[in-house]
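Notes follow once the structure below has been shown.
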Amino acid sequence: MSITQQHLLDAYRARTLGEPAPPAPGTHDRQVVREWRDARRFRAVLAGRPARRGLRDALSRWRRRPS
């Protein structure tokens with residue numbers, strides 16, 4: 001069963017039971033990724049490591065390296 005089919009089944013069940021429909025798949029993906037990233041940075045600070053921005057910092061360091 002695909003995620004779309006599961007969502008349609010859940011929405012149908014909610015409608016028949018008079019409950020609010022569940023959110024569509026992918027609705028909160030950005031929020032989840034943002035919270036995961038923030039928690040990862042926080043754990044890095046607690047461990048005494050610098051809280052870098054990941055890909056952006058790596059690319060800027062790569063651009064600045066001497067040829």
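The values are calculated or read from the model by the stated rules, or taken from the named source; none is laboratory data. Everything numeric here is computed off the predicted structure, so don't read it as measured data. Backbone-built Cβ (ideal geometry, glycine too); neighbour counts: all protein chains shown. Quick note on the areas: whole protein, heavy atoms, side chains included, nothing else; ligands and nucleic acids left out. Shrake-Rupley method; radii C 1.70, N 1.55, O 1.52, S 1.80 Å.
Residue-wise test of (1) open to solvent by 70 Å² or more (accessible area, probe 1.4 Å); (2) at pLDDT below 95; (3) over 19 Å from the mean Cα position of the chain (by Cα).
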{"site": "3", "(1), (2), (3)": "yes, yes, no"}
{"site": "13", "(1), (2), (3)": "yes, no, yes"}
{"site": "16", "(1), (2), (3)": "yes, no, yes"}
{"site": "19", "(1), (2), (3)": "yes, no, yes"}
{"site": "26", "(1), (2), (3)": "no, yes, no"}
{"site": "29", "(1), (2), (3)": "yes, yes, no"}
{"site": "38", "(1), (2), (3)": "yes, yes, no"}
{"site": "46", "(1), (2), (3)": "yes, yes, yes"}
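Could you tell me which of the residues 56, 52 is surrounded by 11 or more Cβ atoms within 10 Å (Cβ to Cβ) and either free of Cβ contacts under 8 Å to residues at least 60 places away in the same chain or among the polar types (S, T, N, Q) (or both)?
Answer to the check: 52.
Residues checked against (1) among the hydrophobic types (A, V, I, L, M, F, W, C); (2) in a loop (DSSP other than H, G, I, E, B):
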{"site": "5", "(1), (2)": "no, no"}
{"site": "9", "(1), (2)": "yes, no"}
{"site": "19", "(1), (2)": "no, yes"}
{"site": "23", "(1), (2)": "no, yes"}
{"site": "30", "(1), (2)": "no, no"}
{"site": "33", "(1), (2)": "yes, no"}
{"site": "61", "(1), (2)": "no, no"}
